[in-house]
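Engineer: Pasting a structure here, questions to come.
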Amino acid sequence: CGLFGIYGHNMDVATMTYYGLYALQHRGQESTGITVSDGKEFKNHKDMGLVGEVFNEKILAPLKGHLAIGHVRYSTVDSGLAVNTQPLDFRYLKGLISLAHNGSLINANEIRQRLALNGSVFQTTSDTEVIVKLIARYGQSSIEEALMKMMIDIKGAYSLLVMTEDQLIGVRDPHGVRPLCIGKKGKSYILASETCALDTVGAEFIRDVDPGEIVIIDNDGLRSIHAMKSSEQAFCIFEFVYLARPDSNFDGRNVTLVRRAMGRQLAQEYPIDADIVIPVPDSGVPAALGYAEASGIPYMEGLMKNRYIGRTFIKPTQKMRETAVRLKLNPIRDIIEGKRVVMVDDSVVRGTTSKQIVQMIRNAGAKEVHLMVSSPTVKYPCYYGIDTQERNQLIAVKQSIEEIREYIGADGLHFLSLEGMVEATGSSKDSFCAACFTGEYPLGISKRVGEYPME
Ligand code: 5GP
Ligand code: SF4
Ligand code: MG
């Protein structure tokens, strides 16, 4: 999911949030919403669909106020339900709160059960509502204290935006799994999942929110509480591999440069005699450039991508996915014919895309096709906020690399090593979560305790 919040001074905060969410659309295409506060009341609009479909001038115009938060949703465990759109707005003891969440809790079911036994009712199946209920439960305290108490209860991955009538608050879990950064435009403060959203609204990057930190922005400016200390950081390495936009920076490192370094690393680990390097657009482009750079093999755009097909179009059935790949990508025969092709992609998840594309490249007359993947094999589900359903069909769980190579029909198939991937980030392995590659879960995994009747 993607988050954008702003505490504005003399600006149209709803429209700014709309632009910010537009820049974060890649983080979630299922639903989107904005809540605005004018200091007394909230106004909200949310719906299923893309930012550009859900909002327009007429819808944004009445959303008047000086602070706002917005969300784009990428479904995880509780997919496709309109009732789970965010932000979630509610009234508690002290007034109004709006909440938007990126990540996934691992003990949401336990807390839900506990709260239900004490009489709480739930409107949604999302773990975000569990956070809402906890804040309400600690409602006697100040909002800072309520958030700190809530942070002791919840476990898992969470970057949060919390809005009261007159405060914009950002919270990041103690492991810093999901990103969150701070920007400034004139006197106005912004919180966003990625720096590309700050660029889009013309804001200046200030810093990342620290793991375990709460930042509170109000009329007096920004203050910070380091609410929880973490023993180990666990930033999601998949943000660097696939999730984030190439023009974003995390911890001072630019995503496209990291992906390029992953491609160079791949060329060092698997040098191959070939005529051209082609990317699987768009996600494979930076790594393909890196591979070409390090190997000296010319980089060519051998696959054309239809820009008018969004990810939303790809319905989650196998048949639809296969058609979607052909609608989305078309090989350029004059570039490919008679060539030994190195094709670079960022990841192999189900293997569907790869199989289709290898076939396409072959049909276009390639002499050889070698698929180079700029991340290791994905073998384990993510419990920290990335689509788990898709991950049930992980091809690398059931098959060896040699079997996958045969299945997708490539002459060669190579995956970047774990060490190589980490090396490319310039940080150390213990600062990341890489559980979907390694099976080592730095925050633990969720237990399915006594199913709550709603689910
Ligand atoms: P697959 O192996 O599942 O057919 O597809 C791999 C492709 O999907 C890669 O090009 C990669 O960019 C993209 N991809 C990687 N992870 C995800 C994900 O979590 N969701 C979606 N929709 N695409 C992904
Ligand atoms: Fe990211 Fe993978 Fe860890 Fe999930 S399991 S947080 S996708 S690195
Ligand atoms: Mg891709």
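Engineer: Based on the Cβ-Cβ distance of residue 387 and residue 440, what FRET efficiency does E = 1/(1 + (r/R0)^6) give at R0 = 35 Å, to the nearest 0.05?
Structural biologist: 0.95
Engineer: Could I ask something else about it? Among DSSP beta bridges whose residues both lie in segment 241-390, state the antiparallel percentage, nearest 5.
Structural biologist: 30
Engineer: Per DSSP H run of at least 4 residues, take -39500 (n - 2.57); add these up for the chain, divide by its residues and hand me the 222 nm value, nearest 500 deg cm²/dmol.
Structural biologist: -8000 deg cm²/dmol
Engineer: Okay, next question. What trypsin sites (Lys or Arg not before Pro) in segment 29-105 are in a loop by DSSP, with at most 15 other Cβ atoms within 10 Å of the Cβ?
Structural biologist: Details: sites: 40, 43, 46, 58, 64, 73, 91, 94; in loops: 40, 64, 94.
Here the trypsin sites (Lys or Arg not before Pro) that fit, given the DSSP loop and packing criteria, are 40, 64.
Engineer: How would 375, 188 line up from fewest to most surrounding beta-carbon atoms within 10 angstrom? Mind dumping the intermediate values first?
Structural biologist: Values: 375 28, 188 21.
Going from least to most buried by this count: 188, 375.
Engineer: Using the basic label-point model (7 angstrom from Cα toward the beta carbon), what is the residue 282 to residue 9 distance in nanometres?
Structural biologist: Result for the modelled spin labels: 3.4 nm.
Engineer: Another one. Treat every Asp and Glu Cβ in the chain as -1 and every Lys and Arg Cβ as +1, leave all other atoms uncharged, and give the resulting dipole magnitude about the Cα centre to the nearest 20 debye. Each step should come with its number before you reach the end.
Structural biologist: Details: 50 positive and 54 negative charges, 157 e Å.
In debye, rounded to 20, the chain gives about 760.
Engineer: Another one. Which stretch or stretches of segment 193-214 have amide N atoms under 12 Å from the point lying 7 Å from residue 224's Cα along the Cα→Cβ direction?
Structural biologist: 206-214, by backbone N distance to the label point.
Engineer: How would you rank 268-281, 160-173, 133-146, highest first, on the average number of other Cβ atoms within 10 Å across their residues?
Structural biologist: Working: 268-281: 19.4, 160-173: 24.4, 133-146: 17.1.
In decreasing order of mean packing, 268-281, 160-173, 133-146 become 160-173, 268-281, 133-146.
Engineer: Here's something else I'd like to know. Label segment 1-124 by shape, choosing from rounded, prolate and oblate, from the square roots a ≥ b ≥ c of the eigenvalues of the Cα gyration tensor; if a/c is under 1.5 it is rounded, and otherwise prolate applies when a/b is larger than b/c, oblate when it is not.
Structural biologist: The shape class here is oblate.
Engineer: For residue 47 paired with residue 268, estimate the spin-label separation in nm (one decimal), with each label point 7 Å from Cα along the Cα-to-Cβ line.
Structural biologist: 5.1
Engineer: Given a Förster distance of 56 angstrom, what is the FRET efficiency for residue 121 paired with residue 400, based on the Cβ-Cβ distance and rounded to 0.05?
Structural biologist: The calculated FRET efficiency here is 0.70.
Engineer: Then there's this: I want the antiparallel fraction of DSSP beta bridges within the chain, as a percent rounded to 5.
Structural biologist: Roughly 80 percent of the DSSP beta bridges within the chain come out antiparallel.
Engineer: Beta carbons within 10 angstrom, averaged per residue: use that to sort the peptides 17-23, 440-446, highest first.
Structural biologist: 17-23, 440-446
Engineer: While we're on this one: With a/c under 1.5 counting as rounded, go ahead and sort segment 254-426 into rounded, prolate or oblate using the C-alpha gyration tensor (a ≥ b ≥ c being the square roots of the eigenvalues; past the cut-off, prolate if a/b is larger than b/c, else oblate).
Structural biologist: Verdict is rounded for segment 254-426.
Engineer: Determine, from the Cβ-Cβ distance of residue 94 and residue 379 and an R0 of 41 Å, the FRET efficiency 1/(1 + (r/R0)^6), rounded to the nearest 0.05. Don't jump to the answer; show the numbers that get you there.
Structural biologist: Values: r = 46 Å, r/R0 = 1.12.
That pair, residue 94 with residue 379, gives E of 0.35.
Engineer: If we count other beta carbons within 10 Å of each Cβ, what is the order of 437, 4, fewest first?
Structural biologist: Details: 437 24, 4 31.
So the ranking, lowest neighbour count to highest, is 437, 4.
Engineer: Once label points are set 7 Å from the Cα along Cα→Cβ at both residue 56 and residue 418, what is their separation, rounded to one decimal in nm?
Structural biologist: Modelled inter-label distance: 5.1 nm.
Engineer: For a protection proxy built on the mean count of beta-carbon atoms within 10 angstrom, sort 233-239, 122-128, 47-53 highest first, please. Provide the component values of the computation, followed by the final result.
Structural biologist: Values: 233-239: 23.9, 122-128: 20.6, 47-53: 16.6.
So the order, starting with the most tightly packed, is 233-239, 122-128, 47-53.
Engineer: Kindly express, to the nearest 10 degrees and within the range 0 to 90, the angle between helix 318-328's C-alpha long axis and the longest C-alpha principal axis of the chain.
Structural biologist: Approximately 70 degrees, to the nearest ten.
Engineer: Near residue 288, within a Cβ-to-Cβ distance under 10 Å, what is the net charge of the other residues, with Lys and Arg +1 and Asp and Glu -1? Walk me through the numbers before you get to the answer.
Structural biologist: Working: positive: 259, 260; negative: 293, 301, 345, 346.
So the surrounding residues net to -2.
Engineer: Something else now. What does the charge count around residue 249 come to, taking other residues whose C-beta lies under 12 Å from its C-beta (Lys +1, Arg +1, Asp -1, Glu -1)?
Structural biologist: With Lys, Arg at +1 and Asp, Glu at -1, the net is -3.
Engineer: Continuing with this model, one more query. Stretch residue 330-residue 293 to full length: gain in nm at 0.36 nm per residue minus the Cα-Cα span?
Structural biologist: Using 0.36 nm per residue and subtracting the Cα-Cα distance, I get 10.9 nm.
Engineer: If you take the Cα Rg of the chain and divide it by 2.2 N^0.38 Å, with N the number of residues, what do you get? Don't jump to the answer; show the numbers that get you there.
Structural biologist: Values: Rg = 22.5 Å, N = 455, 2.2 N^0.38 = 22.5 Å.
Here the Cα radius of gyration is 1.00 times the empirical estimate.
Engineer: Would you mind classifying segment 254-297 by shape? Square roots of the alpha carbon gyration tensor eigenvalues, ordered a ≥ b ≥ c; an a/c under 1.5 is rounded, otherwise it is prolate if a/b is larger than b/c and oblate if not. All intermediate terms of the calculation are to be shown ahead of the outcome.
Structural biologist: Numbers: a/c = 2.37, a/b = 1.38, b/c = 1.72.
Note, shape of segment 254-297 comes out oblate.
Where a number appears in this text, it was derived from the coordinates with a stated rule and is not lab data. Not measured: the values here are computed from a predicted model. When we count neighbours, we look across all protein chains shown, and the Cβ atoms used for this are built from the backbone with ideal geometry, even at glycine.
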